[in-house]
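The values are calculated or read from the model by the stated rules, or taken from the named source; none is laboratory data. Bear in mind that the values here come from a model prediction, so they are computed numbers and not experimental data. Backbone-built Cβ (ideal geometry, glycine too); neighbour counts: all protein chains shown.
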Amino acid sequence: MKHFLIIAIIFNIIVAAKELKIVANSFHADEKIGVSVFEGNVMITKGNDELNASKVTVYTDANNKPTKFVALGKASFKIETVEGAKYKGKANKVIFYPMKKEYHFFQNVHLNQINEKKEIIGDEVILKTVDGTAYAKGLKKEPVIMIFNIEDEEEKK
């Protein structure tokens, strides 16, 4: 029954878009409540996107369609937006909402936009991959930091 649930999850995602692949050291699921838990060196790939963590919990609706992915434990990621912007980074917790194509990053977030050489550091960052917008919040004692790499005209010469 557990294998059926994971196959159903993957099938639903494949039908909607590119193949989603989850690799982990262990897996258990409860079909009645719609929860699948992957633990140990979890790696999720879909197209050019990649999410790695110690533990990932996948929540599904009544039709076994994934509604939310929660990654915990030194999560790292590579993401490409619909418009082609490429991001990589890390956070202690990552939540992905596949229907909205939206990532929420929490605690010690470092988000690098590779092709624009921008970096966002904060405690909560939201990245919407459909329109490429990002929002960030810092803690009360620590602000959000955004770093731009700007080339000086003299450096180009």
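Being part of a strand (DSSP E or B) and crowded, with 18+ Cβ neighbours inside 10 Å is the filter here; which residues of segment 28-45 pass it? If you could, list the steps in order and put the result at the bottom.
First pass over segment 28-45, keeping only residues part of a strand (DSSP E or B): 28-30, 35-45.
Hits for segment 28-45 are A29, S36, F38, V42, I44.
Among the conditions (1) over 23 Å from I114 (Cβ atoms); (2) in a strand (DSSP E or B), the only one that K93 does not satisfy is (1).
Kindly evaluate I79 against the criterion of being at pLDDT below 95, in a strand (DSSP E or B), closer than 15 Å to A134 by Cβ and touching a strand residue (DSSP E or B) at 6+ places or on another chain (Cβ under 6 Å). If you could, list the steps in order and put the result at the bottom.
Values: at pLDDT below 95: yes; in a strand (DSSP E or B): yes; closer than 15 Å to A134 by Cβ: yes; touching a strand residue (DSSP E or B) at 6+ places or on another chain (Cβ under 6 Å): yes.
It is true that I79 is at pLDDT below 95, in a strand (DSSP E or B), closer than 15 Å to A134 by Cβ and touching a strand residue (DSSP E or B) at 6+ places or on another chain (Cβ under 6 Å).
Might you check whether a residue that is modelled with pLDDT under 90, closer than 24 Å to V130 by Cβ and of a type outside the set (V, I, T) occurs anywhere in segment 26-34? No; the residues of segment 26-34 include none that is modelled with pLDDT under 90, closer than 24 Å to V130 by Cβ and of a type outside the set (V, I, T).
Looking only at residues in segment 76-105 that are of a type in the set (F, W, Y) and surrounded by 18 or more Cβ atoms within 10 Å (Cβ to Cβ), the one that is farthest from K46 (Cα to Cα) is F105. Here K55 meets each of (1) part of a strand (DSSP E or B); (2) farther than 21 Å from V23 by Cβ with one exception, condition (2).
Checked against the criterion of being modelled with pLDDT of 90 or more and out of contact with any strand residue (DSSP E or B) (no Cβ under 6 Å at 6 or more places or on another chain), the candidates N12, N64, N52, N41 yield just one match: N41.
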